[in-house]
1. Show me the helices (runs of 4 or more DSSP H) entirely contained within the stretch A:52-135 in which 1 or more residues are away from chain B (no Cβ under 11 Å).
2. Please work out which residue is surrounded by the most Cβ atoms within 10 Å (Cβ to Cβ), limiting yourself to the stretch B:16-48 and to residues that are within 14 Å of another protein chain (Cβ to nearest Cβ) and within 16 Å of the chain's Cα centre (by Cα).
3. Only one of B:SER81, B:SER107 is open to solvent by 30 Å² or more (accessible area, probe 1.4 Å) and within 14 Å of chain A (Cβ to nearest Cβ). Can you tell me which?
4. Of everything in the stretch B:222-239, what is part of a helix (DSSP H, G or I) and open to solvent by less than 50 Å² (accessible area, probe 1.4 Å)? Give them in sequence order.
5. Please go through the stretch A:27-52 and pick out each residue that is touching a Ser or Thr at 6+ places or on another chain (Cβ under 9 Å), open to solvent by 10 Å² or more (accessible area, probe 1.4 Å) and more than 12 Å from ligand 2 (Cβ to nearest atom).
6. (1) of a type in the set (A, V, I, L, M); (2) more than 14 Å from chain B (Cβ to nearest Cβ); (3) away from ligand 1 (no atom under 16 Å from the Cβ); (4) in contact (Cβ under 8 Å) with a residue 12 or more places away in the chain: which one isn't true of A:LEU145, the others all being true?
7. Would you confirm whether any residue within the stretch B:190-209 is touching a Pro at 6+ places or on another chain (Cβ under 9 Å), away from ligand 1 (no atom under 16 Å from the Cβ), in a helix (DSSP H, G or I) and open to solvent by 50 Å² or more (accessible area, probe 1.4 Å)?
8. Quick one: which of A:ASP168, A:ASP161 is modelled with pLDDT of 90 or more and either within 16 Å of ligand 1 (Cβ to nearest atom) or away from chain B (no Cβ under 14 Å) (or both)?
Amino acid sequence: MTPALEIRGLRKTYNNGFVALKGIDLEVSPGSFFALLGPNGAGKSTTIGIITSLVNKTAGEVRVFGHDLDRDPQGVKRSIGLVPQEFNFNQFEPVGEIVVNQAGYYGIPRREAWDRAGHYLNELGLWDKRENMARTLSGGMKRRLMIARALVHEPRLLILDEPTAGVDIELRRSMWDFLQKINDDGRSIILTTHYLEEAESLCRNIAIIDDGRIIENTTMKQLLAKLETETMVLDLVEPPLAVPEGGPIPLRRIDELTLEAEIHSNQNLNDLFQLLDNQGIRVQSMRNKANRLEELFVRMTQNEATRSPLTPGGDGATEQQEGQA
Amino acid sequence: MTRADLRLWGTALRTIAIKEILRFARIWVQTVLPPVVTTALYFIIFGGLIGERIGEMEGFRYMDFIVPGLIMLAVITNSYSNVVSSFFGSKFQRHIEELLVSPIPNSVIILGFIFGGVARGLTVGVAVLIVSLFFSPLSVHNPIVMLLVVLLTSILFALAGLINGVFARTFDDIALIPTFVLTPLTYLGGVFYSISLLPDFWQGASMLNPIFYMVDAFRYGSLGTSDFPVIASFAIIAMFIIVLYGLALWLLNRGTGIRS
Ligand SMILES: Nc1ncnc2c1ncn2[C@@H]1O[C@H](COP(=O)(O)OP(=O)(O)OP(=O)(O)O)[C@@H](O)[C@H]1O
Ligand SMILES: [Mg+2]
């Protein structure tokens with residue numbers, strides 16, 4: 001089957017000489033729900049910008065459902081709907097017109113455009129706002145407006161660049177449901193996000209990009225299986241007399257009443273509790289330190305940093321640290 | 001180019017044109033009203049008060065002489081500023097990206113912006129014409145020449161505004177050209193006087209001013225008098241349009257100022 005997206009050797013050097021993409025290969029199969037993850041400044045938006053004709057590429061090939069970006073840019077554009085990271089609509093234009101005009105740019109006549117806009121604005125809870133100026137919408141509504149706008153020409157591939165940034169939990173979940181439904185209908189979706197829970201619950205496939213390179217491209221399942229250790233946070237009943245060191249399970253003292261334990265995948269919680277019992281340490285409650293994917297993500301991007309030393313003080317270095325924070 | 005392409009481009013063009021027209025119509029107090037008020041002041045002060053003392057210009061009442069020039073002044077500045085502010089605004093607020101991600105050829109984008117500029121230029125031109133009727137009877141020597149000159153001038157300055165918008169990085173950049181190039185050229189282009197009054201050197205210098213040809217040709221259409229052959233003026237205007245269109249298309253294809 002023709003991939004929804006196929007990227008080969010994609011490079012981008014910005015005009016100021018900054019190398020944002022250092023040769024990216026990526027394939028997204030049709031119908032998939034694909035996560036593109038990476039720390040701030042990794043090159044996610046740059047990649048998306050190139051696919052959607054907003055950024056000129058320096059080298060490499062991009063194909064969307066078989067349409068080549070160089071030879072058939074119109075074919076590529078027709079196949080894609082974009083929800084960008086930043087608001088990019090006219091704040092002084094009414095909501096309904098923004099969506100209808102976008103349909104017009106894809107050749108959809110005005111009457112049909114209003115039908116479709118009505119459908120998606122309704123689905124996203126914005127129909128009542130159709131006559132309001134876009135700038136009067138709340139942040140979450142603006143995000144949904146951009147989703148309606150991206151879908152109005154019924155693209156086969158929907159690309160969302162951090163669609164749930166600054167969206168409250170309830171709304172985020174309803175957006176997830178909506179996207180899941182869109183995907184179930186057969187539309188391919190590529191999503192970038194900093195909420196790893198989002199990627200974990202929605203996406204079956206995942207690529208991790210760091211410092212302009214793809215460092216991982218696999219299924220969510222396989223990726224999570226790579227996770228060898230998990231960190232548990234233990235809240236204690238009373239301050240421990242001593243914390244055992246050098247044992248099979250590394251323990252770290254965080255404060256008076258908190259310990260962290262790092263459990264390897266071939267160990268189990270009974271081993272941990274046995275160890276604690278022997279020391280007379282009583283545990284009040286226990287929780288997983290972070291989302292599992294989060295832990296993996298931080299570790300992977302850290303590894304990458306130590307593998308490829310960055311020039312001190314360079315743009316990349318600061319971006320990298322932000323990603324790890 | 002298939003039939004489906006043509007249909008897409010037609011719909012896209014209509015969409016951009018409607019959007020551009022609604023944009024300046026929504027803010028008509030900023031876009032349409034001020035030039036009308038300004039021109040009314042010109043009529044009262046230059047035409048009425050001062051004009052009485054000037055007497056005749058090329059055999060016409062001074063008031064009647066300046067009406068065609070003032071209409072052209074309004075058409076020029078409004079076609080230009082409509083496109084430059086709309087295009088720069090769309091870069092500033094980033095909604096130019098709505099067009100960039102869509103399967104529209106750049107030529108259609110340019111045409112769409114031209115439509116908007118011409119619509120505003122003509123709207124204001126007609127409004128100024130109506131105001132002028134209070135001061136001076138409408139004289140029409142050759143209506144086709146009049147219409148054609150206004151239309152072509154409007155297209156030319158819409159294109160120029162687009163190019164300004166492509167290069168503009170700040171709001172200052174969109175005020176620079178209108179203030180320091182457009183207004184002086186228009187004033188020196190024979191809006192308020194016949195260049196035959198000028199010394200030889202300045203007559204020659206005026207010939208380098210493209211706006212002179214437009215004002216002159218329009219005055220011919222209205223009053224039947226001109227400093228320069230009308231056909232030659234048309235040729236010069238057409239040449240400017242072709243060059244500016246080519247430049248605008250080249251810039252958009254390169255992505256200058258809009259794609260990093
Ligand atoms: N127009 C530009 N000119 C120069 N450098 C740029 C430009 N746009 C982006 N960059 C740089 O390219 C790198 C990648 O940026 P990009 O926006 O693709 O990152 P990202 O992965 O989307 O990050 P985030 O998660 O913060 O959105 C960054 O270091 C950024 O500073
Ligand atoms: Mg980004």
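1. On the way: elements: A:73-79, A:95-105, A:110-123.
Helices (runs of 4 or more DSSP H) meeting the threshold: A:95-105, A:110-123.
2. Ranking the candidates gives B:GLU20 first.
3. Checking each option against the conditions leaves just B:SER107.
4. B:SER222, B:LEU223, B:VAL230, B:ALA232, B:SER233, B:PHE234, B:ILE236, B:ILE237, B:ALA238, listed by residue number.
5. Matches in the stretch A:27-52: A:SER29, A:PRO30, A:GLY31.
6. Of the numbered conditions (1) of a type in the set (A, V, I, L, M); (2) more than 14 Å from chain B (Cβ to nearest Cβ); (3) away from ligand 1 (no atom under 16 Å from the Cβ); (4) in contact (Cβ under 8 Å) with a residue 12 or more places away in the chain, the odd one out for A:LEU145 is (2).
7. no
8. The conditions single out A:ASP161.
The values are calculated or read from the model by the stated rules, or taken from the named source; none is laboratory data. Worth saying up front: this structure is predicted, and the values here are computed from it rather than measured. Note that each Cβ is placed from the backbone with ideal geometry, even for glycine, and that neighbours are counted across all protein chains shown. Each accessible area value is taken on the protein alone, full model and side chains, heavy atoms only, with ligands, DNA and RNA left out. Shrake-Rupley method; radii C 1.70, N 1.55, O 1.52, S 1.80 Å.
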